[in-house]
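The values are calculated or read from the model by the stated rules, or taken from the named source; none is laboratory data. Keep in mind it's a predicted model, so treat the numbers as computed, not measured. All Cβ positions, even for glycine, are placed from backbone atoms using ideal geometry, and neighbour counts span all protein chains on display. Each accessible area value is taken on the protein alone, full model and side chains, heavy atoms only, with ligands, DNA and RNA left out. Shrake-Rupley method; radii C 1.70, N 1.55, O 1.52, S 1.80 Å.
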Number of protein chains: 2
Amino acid sequence: MIYNRIKMLRTEKGLSRKDLAEAVGVNFQTIGYLERGDYNASLELAFKLAEFFEVPLDMAFSPRPFKTLAEELAAMKAAE
Amino acid sequence: MIYNRIKMLRTEKGLSRKDLAEAVGVNFQTIGYLERGDYNASLELAFKLAEFFEVPLDMAFSPRPFKTLAEELAAMKAAE
DNA sequence: TCATAATGTTGTATATACACAACAAAAATT
DNA sequence: AATTTTTGTTGTGTATATACAACATTATGA
């Protein structure tokens, strides 16, 4: 299973699943499935989502769990 | 359809499809399908392949056609 | 040249991604 | 509080990713 940050990226933009679904051309329930981890996006959909959010694909999808925002920020600070 | 550089990355390493298939845990014919563009890899397989070749995913897969090596090198030179 | 390995092709079967519908529950808006 | 929007759940149908097998073709190597 591939982890993703779709929900975070979406809510950050104040969008509903329906909004996002329309933007990338899928059914709104498909977004729900991905957010809940019911199944993986196809490569094609993963690229569309990454492009929509303007992030590289592996910033939105990863074979390993993402850090939380807190961990991320702490790691960045530690790396200074 | 998503473009990929699997064949280039594989032959560069002097590997057969069978070798690569075993390394990422799929049937060797699946590699052939991907190389020929018969269908897309799943996100999961795309990540395994990128990791195997030690490149970021979007260096091995792209929604837009890859440049040839010649174009790539010319572009790099022009960017100096 | 002969044998072997690598690749392409066709066909069948299965798992999974996605669409769509109906309805329930929760959250947001008025 | 009532209405509307958003999200979750279940179920069914279809398309596509992958496995596997058999055989043809092409390349490699002894």
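The overall shape of region B:1-44 is oblate: from the C-alpha gyration tensor, with semi-axes ordered a ≥ b ≥ c, the ratio a/c is 1.5 or greater and a/b is no larger than b/c.
Give the whole-number value, in cubic angstrom per residue, of the convex hull volume spanned by the C-alpha atoms of the protein assembly as shown. Don't skip to the answer; put the middle values down first.
Details: hull volume 25.2 nm³, N = 160.
Considering the Cα atoms of the protein assembly as shown, their hull volume per residue is 157 Å³.
Go ahead and estimate [θ] at 222 nm for chain A from helices alone: -39,500 (n - 2.57) per DSSP H run with n ≥ 4, summed, over the residue count, rounded to 500.
Numbers: 6 runs with 49 residues, N = 80.
Taken over chain A, the calculation gives -16500 deg cm²/dmol.
Counting only the Cα atoms, chain B fills a convex hull of 96 Å³ per residue.
Distance between the 7 Å Cα→Cβ label points at B:PHE52 and B:TYR33: 1.5 nm. Taking Cα centre as origin and charging only the Cβ of basic (Lys, Arg, +1) and acidic (Asp, Glu, -1) residues, the dipole magnitude of region B:1-52 rounds to 160 debye. Projected label points at B:GLU22 and A:LEU15, each 7 Å from Cα along the beta carbon direction, are separated by 4.4 nanometres.
Rounded to the nearest 20 debye, the dipole size of the protein assembly as shown about its Cα centre is 240 debye, using +1 on the Cβ of Lys and Arg and -1 on the Cβ of Asp and Glu. Restricting the GluC sites (Glu not before Pro) of region B:5-66 to loop positions (DSSP other than H, G, I, E, B) with no more than 15 neighbouring Cβ atoms within 10 Å leaves B:GLU54. Note on surface exposure: B:ARG10, A:ARG36 rank A:ARG36, B:ARG10 by accessible area, highest first, 1.4 Å probe.
Nm distances between the label at A:LEU69 and the same-position labels in the remaining copies, 7 Å along Cα→Cβ, shortest first? Ordered by distance, the counterparts are at 4.5 nm.
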